[in-house]
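For reference, the structure discussed in these notes is given below.
The values are calculated or read from the model by the stated rules, or taken from the named source; none is laboratory data. As the structure is a prediction and not an experimental result, all values here were calculated from the model. Note: ideal-geometry Cβ built from the backbone for every residue, glycine included; neighbour counts use all protein chains shown. Accessible surface is based on the protein model in full, side chains and every heavy atom, while ligands, DNA and RNA are left aside. Shrake-Rupley method; radii C 1.70, N 1.55, O 1.52, S 1.80 Å.
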Amino acid sequence: MKRHLALAAIACLTVLGTARPARAQEVRFRLSLAWTVPEIEPRERIRPASRTITVILGKGGAVKEEVSRNRGGRQRAGRVHEGALGDELDGSPARWKVLNETTLLRLKAERTHTFAIWLRTDGARSCSVTLEWRLKPGFTAYEAWARRRDIAIRYNQPTVQQATCEVL
């Protein structure tokens with residue numbers, strides 16, 4: 001399985017390779033994401049959320065992501081997660097998978113749902129990104145931990161406000 005992922009990553013790197021020789025061994029994407037979360041508990045309110053994720057694909061199926069949160073118009077230094085394609089990233093339950101030569105998928109499994117980021121490219125110098133939340137069977141609302149408030153929250157289907165991608 002890991003060999004298959006490594007071969008797919010090499011194919012992806014080949015298709016996505018940029019004209020810059022110094023970066024011929026890696027491919028970088030910057031994802032700018034924003035959505036609203038319609039909280040239903042502990043109180044009803046619409047909460048904005050946004051992230052900037054830099055995804056770096058390296059040799060041998062290596063993947064690194066740098067995640068920054070945007071709050072109040074200011075970007076806060078984020079976390080860096082590293083690992084191999086198909087495996088959970090260190091310090092995160094998320095994993096990146098190569099679906100084919102033009103599509104990468106980031107999956108994060110939560111107790112009540114999965115959160116997916118679909119990263120597609122035309123193999124040249126452009127890409128697009130799609131966000132998707134899916135409830136697991138038996139659940140009627142999404143649940144998460146609000147770190148800043150140190151409480152559990154329940155919410156309905158998030159709404160995407162922005163999802164852009166650029167090849168670096």
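Descriptive notes on the structure:
Yes/no matrix, rows are residues, columns are (1) in contact (Cβ under 8 Å) with a residue 12 or more places away in the chain; (2) out of contact with any Leu (no Cβ under 7 Å at 6 or more places or on another chain); (3) farther than 21 Å from residue 52 by Cβ:
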| site | (1), (2), (3) |
| --- | --- |
| 79 | yes, yes, no |
| 83 | yes, no, no |
| 91 | yes, yes, no |
| 95 | yes, no, no |
| 101 | yes, yes, yes |
| 111 | yes, yes, yes |
| 128 | yes, yes, no |
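- Residue match in the range 21-38 (condition: within 29 Å of residue 141 (Cα to Cα), modelled with pLDDT under 95, out of contact with any helix residue (DSSP H, G or I) (no Cβ under 9 Å at 6 or more places or on another chain) and charged (D, E, K, R)): no
- Residue in the range 41-58 that is under 22 Å from residue 144 (Cα atoms), touching a residue at least 24 places away in the same chain (Cβ under 8 Å), open to solvent by 10 Å² or more (accessible area, probe 1.4 Å) and not in a strand (DSSP E or B) present: yes
- Those residues of the range 99-108 which are in a strand (DSSP E or B) and either of a type in the set (S, T, N, Q) or open to solvent by 60 Å² or more (accessible area, probe 1.4 Å) (or both), in sequence order: 99, 100, 103
- Hits in the range 105-124 - residues which are modelled with pLDDT under 95 and under 15 Å from residue 57 (Cα atoms): 121, 123
- Subset tally (residues that are modelled with pLDDT of 90 or more and assigned to a strand (DSSP E or B)) for the range 59-83: 11
- Some residue of the range 84-93 being within 15 Å of the chain's Cα centre (by Cα) and assigned to a strand (DSSP E or B): yes
- Top-ranked residue of the range 118-168 - restricted to ones that are assigned to a loop (DSSP other than H, G, I, E, B) and of a type in the set (Ser, Thr, Tyr), ranked as surrounded by the most Cβ atoms within 10 Å (Cβ to Cβ): 126
- Top-ranked residue of the range 83-98 - restricted to ones that are in contact with a Lys or Arg (Cβ under 9 Å, 6 or more places away or on another chain) and not small (Gly, Ala, Ser), ranked as surrounded by the fewest Cβ atoms within 10 Å (Cβ to Cβ): 93
- The one condition in (1) modelled with pLDDT under 95; (2) under 22 Å from residue 52 (Cα atoms); (3) not polar (S, T, N, Q) that residue 151 fails to fulfil: (2)
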